[in-house]
1. In region 232-246, what count of residues is obtained for those that are in a loop (DSSP other than H, G, I, E, B), basic (K, R) and either open to solvent by less than 80 Å² (accessible area, probe 1.4 Å) or under 15 Å from L212 (Cα atoms) (or both)?
2. Could you go through region 176-189 and let me know if any residue there is surrounded by 13 or more Cβ atoms within 10 Å (Cβ to Cβ), over 17 Å from the mean Cα position of the chain (by Cα), modelled with pLDDT of 95 or more and aliphatic (A, V, I, L, M).
3. List pairs: first in region 119-131 and farther than 16 Å from V292 by Cβ, second modelled with pLDDT of 80 or more and open to solvent by 100 Å² or more (accessible area, probe 1.4 Å), Cβ under 7 Å, 6+ apart or cross-chain?
4. Give me the pairs, please: first residue somewhere in region 23-36 and under 12 Å from S151 (Cα atoms), second residue anywhere and assigned to a helix (DSSP H, G or I) and open to solvent by 10 Å² or more (accessible area, probe 1.4 Å), beta-carbon distance under 6 Å, and either six or more positions apart or on two chains.
5. If only one of E295, E332, E336, E320 is more than 16 Å from the chain's Cα centre (by Cα) and within 23 Å of S153 (Cα to Cα), which one is it?
6. Yes or no: T163 under 23 Å from the mean Cα position of the chain (by Cα), polar (S, T, N, Q) and open to solvent by less than 70 Å² (accessible area, probe 1.4 Å)?
7. Within region 249-344, considering only strands (runs of 3 or more DSSP E) that don't extend past its boundaries, which have at least 1 residues that are open to solvent by less than 50 Å² (accessible area, probe 1.4 Å)?
8. Out of region 108-138, which residues are touching a Ser or Thr at 6+ places or on another chain (Cβ under 7 Å) and modelled with pLDDT of 90 or more?
Amino acid sequence: MKNISEESNIKICIIMLGLFGDVLLRTPILRSIKNKYPNSVITVVVDKIGYDILYNNPNIDYLIILNRAKKNIFKYIYSKIISQIKIIFSRFDLIIDLYNGNSSKNMLRLSFSKFTIGGKKYFEHYSFKNNFHLTNQLFQTLYDLDLEKNSMSVQPDFFINKTIEQDLLNSAKYLFNKNHYLISLGSGDLKKIIDMSKTFEIVKYLNDVHNLTPLIVLNPGQEFLQENLINDFLIPNKISYIKLDKKSIDEIAVIIKYVKFFIVPDTGLFHLSLALKTPTFCIFTYTLPNLVEPEDCSIIYKSCYKIIHDKDGLQKCTKEIDVSHLIKDLDEFLDEFSDLKKDY
């Protein structure tokens, strides 16, 4: 931005409200802005889940947590007022809206900041390998910041708490077994996940053909999925498994970091896996993969999906994927890294 020196100690506020995956998709923006303004003091406005993702991020100096849960309307209103007061009294030089919702638009409008960026339409100012990627679209809206092109990457960031990592490594001996992989079953919308019988066929195939044992994620609020797979499919068929209990985001990140590979639907855990560069097999049932796929060729990754057209002729993915399709793509994924099969 022409009116802001790259060397100045400017105060920047970035609004990053949203869900788990949304926050992770925006972390490359933090990295790029900090690279452009290394002396800046960056404050980020987040929901509670955003705090759990970003509290250890070195590109952030302060976090403001906005409680948008409307179960208690008085707490909701109080949180919005306090958050706005913090923004006003901080006197930010620049405030950036990466959320573009009603809550963030009002924050921007009432911030009294010298400069604001937000709510702009998407124009192709930069030429990216994939202009459809959601993170690249965000970079396009920040064109006025004149960010360095070589700092623009869609690779998400997640920084694990080192104490938590060491504690888990000391207690979770299963992480050192090379025949273990991780599988997550849940999604923000249960209509998006494939039928459990198809998930079982994947687990059975990896067990029978490759002698691999799943670590099964306990998805908070969807605990029944883990129970369903174990009690209705794995136990009756005498297939080995390890049932994980409830984990914090840092703990699940440690597990993702050290497992052989991760099978996951298109959720926040998918983006977390990309941040940790863990080999990832992602089953898309709604989101078009090119909106979120990694561009870093060092990430071992395979997307599995089936495209259909809705009544308006628009493309979307469907969860009605044949088992043969799933197994075929899984084999291609396994072939991506040579050391994956050598221990079988």
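1. Residues in region 232-246 being in a loop (DSSP other than H, G, I, E, B), basic (K, R) and either open to solvent by less than 80 Å² (accessible area, probe 1.4 Å) or under 15 Å from L212 (Cα atoms) (or both): 1 in total.
2. Scanning region 176-189 turns up no residue that is surrounded by 13 or more Cβ atoms within 10 Å (Cβ to Cβ), over 17 Å from the mean Cα position of the chain (by Cα), modelled with pLDDT of 95 or more and aliphatic (A, V, I, L, M).
3. H125/Y143
4. Going by the 6 Å Cβ cut-off, the qualifying pairs are I29/L138; S32/S151; N35/S151.
5. Result: E336 is the single residue among E295, E332, E336, E320 that is more than 16 Å from the chain's Cα centre (by Cα) and within 23 Å of S153 (Cα to Cα).
6. no
7. Values: elements: 262-265, 280-283, 301-304, 307-309, 315-317.
It comes to 262-265, 280-283, 301-304, 315-317.
8. L108
The values are calculated or read from the model by the stated rules, or taken from the named source; none is laboratory data. Source: prediction; values computed, not measured. Methodologically, a virtual Cβ is constructed for each residue, glycine included, from the backbone with ideal geometry; neighbour enumeration extends over all protein chains shown. Side chains included, ligands, DNA and RNA excluded: accessible areas come from the protein's heavy atoms. Shrake-Rupley method; radii C 1.70, N 1.55, O 1.52, S 1.80 Å.
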